[in-house]
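Below: one structure, written as structure tokens.
Read the figures in this text as sums done on the coordinates, not as results from a lab. Treat the numbers as computed from the prediction; the structure is a model and nothing was measured. Note that we place each Cβ from the backbone using ideal geometry, even for glycine, and neighbour counts take in every protein chain shown.
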Amino acid sequence: MEIEPPDQEQPKPSSSETPKGKFLQNAFIRVQDFLFDPANFKKLIIGVVVLISIFVVRRIFFPPSPDLSKTKSAEESEKSDLVPVKVFKVGRFNFEDSLNALGTIKGLVEFKLSFEIPGVVSAINYREGEYYEEGALLISLKQDDILLRLQRSQAQDQKALAALKITQDKLEEHQKLFKMGAIPKSTLDRVALEMDQARFEHESAELETKANESILEKSNLYAPTAGTIGELNIEEGEAVTQNTLVGSHVRTDRVLATFGITERDINKVSLGQKANVFVDAYPERTFEGIVENVAPVIIGTSRTADVRVRIENPEGILLPGMFARIKILLYQKRNTLVVPTDALLGKENEQHVFVVDPEEKGVTQTPVVVGYSRVDYVQIDSGINEGDLVVVSGMDRLKEDSKVRILETQEAEL
């Protein structure tokens, strides 16, 4: 049996003999031939220079855009450290506070007119709105019966006076006779009693005459003061009694604006305060007045106190019954610093504000002296300057030297 010799290992081809090696070898040979060719080398240098020039020009005139995501993230991080606030620009204004109310115009003097005796109206000398002086005869009742009673009482008075005179003369004669002893004492006493009776009758007649004169006087209605008739409720020939309201008397050279204030505002109003009054009939005019009276009691379900403002009305254009708007000036200061009430922090007499530095965006806690406060704005006497920016919202997150981001800058509208 023949033994076959073992298979001998075939030699591995070298890397230069593989297809890939042959390709690289050929490519290297071609590049080497290209570079050592003087004409090709010159072209290569020119190409490199051109590429470098294009790169430099692009970097100068077309720089690469920044990474927006990184920039935005940095800005957001910076903003998150700033406290967003709204600020108010401090300015100078004419500052005032007033109490506004609605009321009614009334005459300075208002009387209800009526007669003290019954009767029939005979004459009306003035009508509504007609001006008269104090003591003018306004309305009269028929006086025929009154005059007859007066004449009768006067006649009775004269008769009684004559009888009294006779008895006085008779008494004097009897006194002489008594002294002579011609008559007894009883006769003299009887004559004296007759004289007393005559005197009493005369006094009674005098009283009756005065009563009838008084009735005659009461049949005429006279003006209590200068003024006008506000309203007239009767006509001539109409019968009236003591309970009949014949009309009203008003004085309009001065008028009153009356209104009510709540107990919360009563301490704001005092006698002598100036007030401006406006009426719809004269919308362009302002009528100046003075607080004349503040009621000392709170009355009614509305819990208000009555206030009267006196107004001069020489032209007589303000009429009783007109609707009035009253503005009482409580406080006034011109060209003064003003900030919103919301900007103040701290308790009374220890108040402060946060002032923003517009450059550094930092805040400073600044004490201020308040001159007067109202609901929306306060007047500042000292502590801040015109043009300062004070924080009006977001103060709860602030402290000294805090950095802020201004969301809005407000200005006063006074």
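Below is a table of values for the structure above.
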item	result
Surrounding net charge for Leu207, when Lys and Arg each add one and Asp and Glu each subtract one, Cβ distance under 15 Å	-1
Computed label-point distance, nm, for sites Ser393 and Asp189 using a 7 Å Cα→Cβ extension	11.2 nm
Extreme residue, positive dipole direction of segment 143-218, given options Ala192, Gln143, Leu164 (C-beta unit charges)	Ala192
Segment Val375-His352, extension gain: residue separation times 0.36 nm, minus the distance between their alpha carbons	6.5 nm
13 Å beta-carbon shell around Ile298, net charge (K/R +1, D/E -1)	-1
Members of Lys112/Lys210; Lys333/Lys403; Lys86/Lys327; Lys142/Lys165; Lys176/Lys210; Lys106/Lys142 lying beyond 31 Å, as alpha-carbon distances in this model show	Lys333/Lys403; Lys86/Lys327; Lys142/Lys165; Lys176/Lys210; Lys106/Lys142
Computed FRET value (nearest 0.05) for Gln151 with Glu235, which takes r as the C-beta separation and R₀ as 41 Å	0.90
Viscosity 0.692 mPa s, 37 °C: Kirkwood-radius Stokes-Einstein D of segment 266-406 over Cα pairs, µm²/s	174 µm²/s
Where labels lie 7 Å past Cα in the beta-carbon direction, separation of Arg199 and Arg264 in nm	7.6 nm
For Met322, residues with placed amide H under 5 Å, excluding near neighbours	Ile105
Cα-projected label distance for Ile60 with Thr341, points at 7 Å along beta-carbon direction, nm	6.7 nm
Two-site FRET efficiency, Asp280 against Lys159, from Cβ-Cβ distance with R₀ of 41 Å, rounded to 0.05	0.05
Net charge of Cβ neighbours under 14 Å - reference Ala239; Lys, Arg +1; Asp, Glu -1	-3
